[in-house]
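Encoded as structure tokens, the structure appears first; notes follow it.
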Amino acid sequence: MAGHRKVREWLAIRTIAFGRRLFANTPVQRLPVTAAILKRVFRFGYGADEIELEFRRASLSVPASDVTIVPGLVGGFYEKIELDLFEAVAERSALVVDVGGNVGVYACLAAMRAPAGRVVTFEPVPQNLGYLRRNLERNAVDARVEVVAKAVSDVPGRPADLSGGQHRNAFPLVGECRQPVANRRGGDHPRRVS
């Protein structure tokens, strides 16, 4: 039975990797049907349980139901370029702030790369917080990472909603920061941290 499972996992990841290469930077990549197929293929290979894996020397426990990042983590292709740059910067940093900590990939890697540095991670979703805290403990970096169970936003009084409406207005606010922050249009405005 274990052999069948390994074959299913291998087929799922190879199919997802092929699809990513085939449809990268095309409109097909953003179609709802593409996301539905990805979810079915991943569930075929991995089911809906928790997955334990090694990713960039970090030991992680992740929900198989999260088909946004977990296939990339399992396949080893999750944000490769971004993480290469992030790790290089993190090892030279005294402070790393991780906004949207999710299950702790960036927080774990930052703490592992910068043993003398401080890491602060913000994550408002309760299910993600459980995985985040557990992954910090698994990698023995929990004492050096401050976890803030709140959302962050640049809109005063309202957290940014990056979930497509799934978590709209469901997060507690952190507070207001009076430091001016440049916005995308080049002007400065005070940023509210929520």
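The values are calculated or read from the model by the stated rules, or taken from the named source; none is laboratory data. Since we're looking at a predicted model, the values are computed, not measured. With ideal geometry, Cβ positions are generated from the backbone for all residues, glycine too; neighbour counts draw on all protein chains shown. Ligands, DNA and RNA are excluded from the accessible area calculation, which covers all protein heavy atoms including side chains. Shrake-Rupley method; radii C 1.70, N 1.55, O 1.52, S 1.80 Å.
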Fill in: Long-range amide H partners of Asp98 with built H, under 5 Å
Val120, Thr121, Phe122
Item to complete: Provide the net charge surrounding Arg56, with neighbours chosen by a C-beta distance below 11 Å and charges set as Lys +1, Arg +1, Asp -1, Glu -1.
Response: -1
Practice prompt. Normalising by the residue count of the range 1-157, find the relative contact order in percent from Cα pairs under 8 Å and 6+ residues apart.
Written response: 17
Worksheet item: Under a point-charge model restricted to the Cβ atoms of Lys and Arg (+1) and Asp and Glu (-1), what is the dipole moment magnitude of the range 118-157 relative to its Cα centre, in debye to the nearest 20?
Response: 140
Worksheet item: What fraction of the Cα pairs in the range 24-78, stated in percent, has a spacing above 18 angstrom?
Response: 35
Item to complete: List, in order, the whole-Hz ³J(HN,Hα) value for each residue of the range 124-140 obtained from phi through the Karplus relation with A = 6.51, B = -1.76, C = 1.60 and θ = phi - 60°; use x for Gly and Pro.
Response: x, 7, x, 4, 5, 4, x, 5, 4, 5, 5, 5, 4, 5, 4, 9, 6
Discussion item. I want the local charge near Leu85. Using Cβ-Cβ distances under 14 Å, sum +1 for each Lys or Arg and -1 for each Asp or Glu among the other residues.
Written reply: -1
Worksheet, complete the sentence: Other residues with Cβ under 12 Å from the Cβ of Pro115 give, with Lys and Arg +1 and Asp and Glu -1, a net charge of +2
Worksheet, complete the sentence: In whole percent, the fraction of accessible protein surface over the range 26-148 that belongs to carbon or sulfur atoms, probe radius 1.4 Å, stands at 57
Worksheet item: If you take the C-alpha gyration tensor of the range 1-52, multiply each eigenvalue by 5 and take the square root, what semi-axes do you get, largest first, in whole Å?
Response: 23, 12, 8
